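S.K.: The structure's right below; bear with me while I get my questions together.
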Amino acid sequence: MSSRVWRVGQPVAVSERPTSRAGVVRFDLNRSLTGMGHERYRAGEEITGDRPPDVVARRLFERGGVREVHIFSNTVTVTLDDGGSADGIADMLRDLYVHYLPGVKPSIPG
């Protein structure tokens, strides 16, 4: 499935919550990304899928500063690299489904 199929153009509501473990941040979304399944991704491992959790993990690793991503339903738990920051992650998740971005020409199927 292409990632374009599941983009619907609406921002995702995101709540960022600290955890009791240093360097671990939890984000609660108003949309489920995995249903009832758990997905775990580690830095350096290839992510080949195009499902929403695959796209989220790939974007987080491309952003840098992330060691591990765990996604269960609507909760994204991010383990940061030593000295890593969660700055910008909530915004990235919020824009996950936004299809029309400033400066990007929308594609219209013919």
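S.K.: For segment 81-86, take each phi angle, set θ = phi - 60°, evaluate the Karplus expression 6.51 cos²θ - 1.76 cosθ + 1.60, and give the result in whole Hz per residue in order, putting x for glycine and proline.
M.R.: The phi angles translate into 5, 4, x, x, 10, 8 Hz.
S.K.: Please list, in chain and number order, the residues 5+ apart from Leu96 or on another chain whose amide H is under 5 Å from its amide H, with Hs placed from the backbone.
M.R.: Val12
S.K.: Under a plain spin-label model, where a point goes 7 Å from the Cα along Cα-to-Cβ, how far apart in nm are Ala22 and Glu46?
M.R.: Distance between label points: 3.6 nm.
S.K.: Turning to a different aspect of this structure: Give me a comma-separated list of calculated 3J(HN,Hα) values for segment 28-36, in order, Karplus coefficients 6.51, -1.76, 1.60 applied at θ = phi - 60°, integers in Hz, x for any Gly or Pro.
M.R.: For segment 28-36, the Karplus-derived couplings read 9, 10, 8, 9, 7, 9, 10, x, 9 Hz, x marking Gly and Pro.
Read-outs: derived from the displayed coordinates by stated rules, not from any lab. Source: prediction; values computed, not measured. Positions of Cβ are generated from backbone atoms using ideal geometry, with glycine treated the same way; all protein chains shown enter the neighbour counts.
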